[in-house]
Number of protein chains: 2
Amino acid sequence: MMNKKGSLFIVTGPSGAGKGTVLAGLSRRLSNVFYSVSATTRQPRPGEVDGKNYYFKTKEEFEGMIARGEMLEYAEYVGNYYGTPEGPVNEMLEAGNDVILEIEVQGALIVKNKRPDAILVFITPPSFDILEERLRNRGTEKEEVVKMRLEKARSECSHMDEYEYIIVNDVLDEAIQDLSSVVRAARCRSTQIDIKLV
Amino acid sequence: MMNKKGSLFIVTGPSGAGKGTVLAGLSRRLSNVFYSVSATTRQPRPGEVDGKNYYFKTKEEFEGMIARGEMLEYAEYVGNYYGTPEGPVNEMLEAGNDVILEIEVQGALIVKNKRPDAILVFITPPSFDILEERLRNRGTEKEEVVKMRLEKARSECSHMDEYEYIIVNDVLDEAIQDLSSVVRAARCRSTQIDIKLV
């Protein structure tokens, strides 16, 4: 009587916005939310599992996937390819699961263009001062890394209005509730619900 | 740094769908949700308070409001006017509150046309069999009233795909969470959030 298909969520947020923690909170609150696994040509690190952390591909394999249009988006970064294979994403959606794609602004806008049904969510810190504080409090980052991250955050945040939803991660639990609401509400959209009342 | 304006929600659902109970649950879960007060030309019943239950108007006053374009929607029903004055709705929205307008399909589609920013939510029973059971279990309705309500429900439910969201009220608490998520997610839309990061 009621069939639901999943929704594709593109989640972006600068380093220090707390994206990982908010997404972990989402997974605790809602079931049937899956994370897209990226493909890469970089070497697996110890402990990394193919198909779980990444799909590990050779350069030739990756370029073949690009050529066959199998990549939702991809980018080159310090000599390696990183990208999102569309097949596994579609399989998860067809099975009724929601899929989270955690990517940067550039990739997000490419995916939005290819798949207008994708829901773009930007996770932002409440201010750059707070972001700077969070980055410094990690204590592990050199001054120049902090400066670089802040610069990149400013650039990324300048695009947040191109996203459908903005989650301000000020109070963590509120941010988790916000994101969970966005995902849960998407499941209630009339386009997602196939109900034939009898 | 962050200004939010409210959103206008139009909620429709057939008699027996449990709309009132779901809305009451929403009010318990979220603050800053207000209900639009209708205007009517019918006589106040004992205990009804002007401006709370209804804005009680004379026929001349009501027709003046229609003539001045002050009604978001209105209808005549057994010789009386019923309608939604737009002024108080806008005041609540400007103050940052979300506003719920509980109206029937015809009025809902009129409002959607006038205010494309309105978010339409349809609350439906999981099936007509269950709706019939609920209506009969009230025990207070005559057979012909039950039949009439079922007929009307079928007609109303045929429009649910014109709504942005559909809440299936099968398990009450799930339906309340669904509606709360729709309202909370709307607060996170980038169009509603005016954030200037400093």
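Kirkwood hydrodynamic radius of segment A:1-66 from all distinct Cα pairs, in Å? Don't jump to the answer; show the numbers that get you there.
Numbers: mean 1/r = 0.0677 Å⁻¹.
The answer is 14.8 Å.
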At a 10 Å Cβ-Cβ cut-off, how would you order A:172, B:131, B:101, fewest neighbours first? A:172, B:101, B:131
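Are there trypsin sites (Lys or Arg not before Pro) in segment B:36-134 that DSSP puts in a loop and that have at most 15 other Cβ atoms within 10 Å, and which ones?
On the way: sites: B:42, B:52, B:57, B:59, B:68, B:112, B:114, B:134; in loops: B:42, B:52, B:57, B:68.
The qualifying sites are B:42, B:52, B:68.
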By DSSP, what percent of the beta bridges with both residues in chain A are antiparallel, rounded to the nearest 5? 40 percent
Can you give me the C-alpha center-to-center distance between segment B:176-194 and segment A:34-102, rounded to a whole angstrom? 31 Å
Sort B:166, B:10 so the one with the fewest other Cβ atoms within 10 Å of its own Cβ comes first. B:166, B:10
Treating the point 7 Å from Cα along Cα-beta-carbon as the label, what are the nm separations from residue A:60 to the other copies, to one decimal? 9.2
Peptide B:186-196 - average C-beta neighbours from other chains (10 Å radius): 6
Convert each backbone phi in segment A:99-109 into a coupling constant with the Karplus relation 6.51 cos²θ - 1.76 cosθ + 1.60 (shift: θ = phi - 60°), then list the ³J(HN,Hα) values in order as whole Hz, x for Gly and Pro. 10, 9, 10, 9, 9, 7, 3, 4, x, 4, 5
Report P(r) for segment A:103-184: all Cα-Cα distances, bin width 5 Å, range 0 to the bin holding the largest distance, values in whole percent. 3, 14, 21, 20, 20, 14, 7, 2, 0
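Using only the Cα atoms of segment B:37-95, what semi-axes does the equivalent ellipsoid have when each is the square root of 5 times a gyration tensor eigenvalue? Give whole Å, largest first.
Details: eigenvalues 68, 47, 15 Å².
For segment B:37-95, the ellipsoid semi-axes come out as 18, 15, 9 Å.
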At residue A:173, label 7 Å along Cα→Cβ: distances to the other copies, nm, ascending? 1.8
If packing is taken as the average count of other Cβ atoms within 10 Å, what order do A:178-190, B:19-31 fall into, highest mean first? A:178-190, B:19-31
Run the simple label-point estimate for residue A:31 and residue B:61 please: 7 Å along Cα→C-beta, distance reported in nm. 5.4 nm
Two pseudo-spin positions, 7 Å from Cα along C-beta at residue B:154 and at residue A:194, lie apart in nanometres by 2.4 nm
I'm checking a number: the convex hull volume of the Cα atoms of segment A:63-151, normalised per residue, in Å³. What is it? 144 Å³
Residue-averaged 222 nm ellipticity for the protein assembly as shown, from DSSP H runs of 4+ at -39500 (n - 2.57), nearest 500: -12500 deg cm²/dmol
Percent of beta bridges antiparallel (DSSP, segment A:37-95, rounded to nearest 5): 75 percent
At most 16 other Cβ within 10 Å, DSSP loop - GluC sites (Glu not before Pro), segment A:1-84: A:48, A:70
For residue B:27, which inter-copy label distances result when the label point lies 7 Å beyond Cα on the Cα-to-Cβ vector, reported in nm to one decimal and in ascending order? 4.0
Which cross-chain or sequence-distant (5 or more) residues have an amide H under 5 Å from the amide H of residue A:73, H modelled 1.01 Å from N in plane? A:84
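Where a number appears in this text, it was derived from the coordinates with a stated rule and is not lab data. Here the structure is a predicted model, which is why all the values come from computation and not from measurement. Using ideal geometry, Cβ is built from the backbone for each residue, glycine included, and neighbour counts are taken over all protein chains shown.
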